[in-house]
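Below are the structure tokens for one structure; questions will follow.
The values are calculated or read from the model by the stated rules, or taken from the named source; none is laboratory data. Small disclaimer: the values here were computed from a predicted structure and weren't measured. Glycine gets a Cβ as well: all are built from the backbone with ideal geometry, and neighbour counts include every protein chain shown. Areas reflect the complete protein model, heavy atoms only, side chains present, ligands, DNA and RNA absent. Shrake-Rupley method; radii C 1.70, N 1.55, O 1.52, S 1.80 Å.
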Amino acid sequence: MSKPRYQTVADQLRRDIEKGRHQVGTLLPTELQLCAAYEISRHTAREALRVLIHDRMIERKQGSGTLVIANSRQRFNHSISSVQDLLQYGANTRLTIKHTEIVAADDELAELLGCEVGTDCIHLHGLRSTQKGEAPFCVSDIYRIGGKDPLSRRLMEVSGAVYALVEELEIGHIGMVEQDINAAPLPSENALELGVPKSSVCLRIARRYFDPSGKLIVAAVNLHPGSDFVYSMSLKQSTS
């Protein structure tokens, strides 16, 4: 099966950057120049550039053009060995909440939260990036069983950029985190948000955060395009 035209153009531009034909710190040709060079439409040119933005090889500067910022595809590497490392991950990345809502738990959400189907649940949908202005590297959906407690009220008010959700909500008293990782198709609406092909496969990471008594605080589901994420874990032999 042949690649879409925009992907072929993106691949060629990536090779040109890797070989130094477009060096870091310089501007790529304009959309119109790309259209002429590759005999493509402006829509195809934009889609090709969006692939390289997602690869974190270029960034678009309004009024200045498209700047080359790396000479190779940048993967997001996430290394953890403790709950503290996991919380630091939240502190070192930027989570931008796009919307919050109350949803009725379906079968999948009820299993994630350990509640009955139809239970009212708080849902926050956002995109995570390494810093302001950079392309998002994953989709984050955060869930909590609805209630009238202070934490639930604060969750419903969260909007915009949240640098460390756990710290922001003052729930640092985490006793345990459960984590499940599996491969899954990336929903088309999420592919659009991340600027990747609709046929992409993603790495789905579901985490459930519990307090020291074992009560669920929140659950988070993160979707990473499969080729862009490296997950590292250190395991030590017990001495006891």
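Report, ordered by the first and then the second residue, all pairs with beta carbons closer than 6 Å, sequence separation of six or more or different chains, a first member in the stretch 32-48 that is among the basic types (K, R), and a second member that is part of a helix (DSSP H, G or I) and open to solvent by 30 Å² or more (accessible area, probe 1.4 Å).
none
Taking only pairs six or more apart or across chains, which ones have beta-carbon atoms under 8 Å, a first residue in the stretch 190-215 that is without any contact (Cβ under 8 Å) to a residue 40 or more places away in the chain, and a second residue that is among the basic types (K, R)?
Filtered contacts from the stretch 190-215: A191/K198; L192/K198.
Moving to a separate point now. Pick from the stretch 60-76 the residues that are at pLDDT 85 or above and not in a loop (DSSP other than H, G, I, E, B): which of them is nearest to Q12 (Cα to Cα)?
V68
Residues that are among the aromatic types (F, W, Y), surrounded by 13 or more Cβ atoms within 10 Å (Cβ to Cβ), at pLDDT below 85 and outside the structural domain of V218 (by TED's automatic domain parsing): does the stretch 77-91 have at least one?
No, because not a single residue in the stretch 77-91 is among the aromatic types (F, W, Y), surrounded by 13 or more Cβ atoms within 10 Å (Cβ to Cβ), at pLDDT below 85 and outside the structural domain of V218 (by TED's automatic domain parsing).
Separate question: Of the residues E167, E178, E189, which is modelled with pLDDT under 80, open to solvent by 30 Å² or more (accessible area, probe 1.4 Å), not assigned by TED's automatic domain parsing to the domain that holds R50 and not in a loop (DSSP other than H, G, I, E, B)?
After ruling out the rest, the residue left standing is E167.
Go through the stretch 138-164 and give me each residue that's more than 17 Å from R208 (Cβ to Cβ), at pLDDT 85 or above and open to solvent by less than 30 Å² (accessible area, probe 1.4 Å).
C138, V139
Okay, next question. In this structure, does A36 turn out to be out of contact with any strand residue (DSSP E or B) (no Cβ under 8 Å at 6 or more places or on another chain), modelled with pLDDT of 80 or more, under 21 Å from N190 (Cα atoms) and not assigned by TED's automatic domain parsing to the domain that holds Q179?
No; evaluated as a whole, the condition is false for this residue.
Can you tell me which of (1) among the basic types (K, R); (2) modelled with pLDDT of 85 or more; (3) surrounded by fewer than 19 Cβ atoms within 10 Å (Cβ to Cβ); (4) closer than 27 Å to V139 by Cβ is the one R21 doesn't meet?
(4)
If you don't mind, there's one more thing I want to ask. Taking the stretch 192-230 as the search range and keeping residues that are within 22 Å of V177 (Cβ to Cβ), open to solvent by 30 Å² or more (accessible area, probe 1.4 Å) and among the small types (G, A, S), which one is farthest from the chain's Cα centre (by Cα)?
S213
Suppose we filter the stretch 38-54 for residues that are in a helix (DSSP H, G or I) and either out of contact with any helix residue (DSSP H, G or I) (no Cβ under 9 Å at 6 or more places or on another chain) or open to solvent by less than 30 Å² (accessible area, probe 1.4 Å) (or both); how many remain?
8
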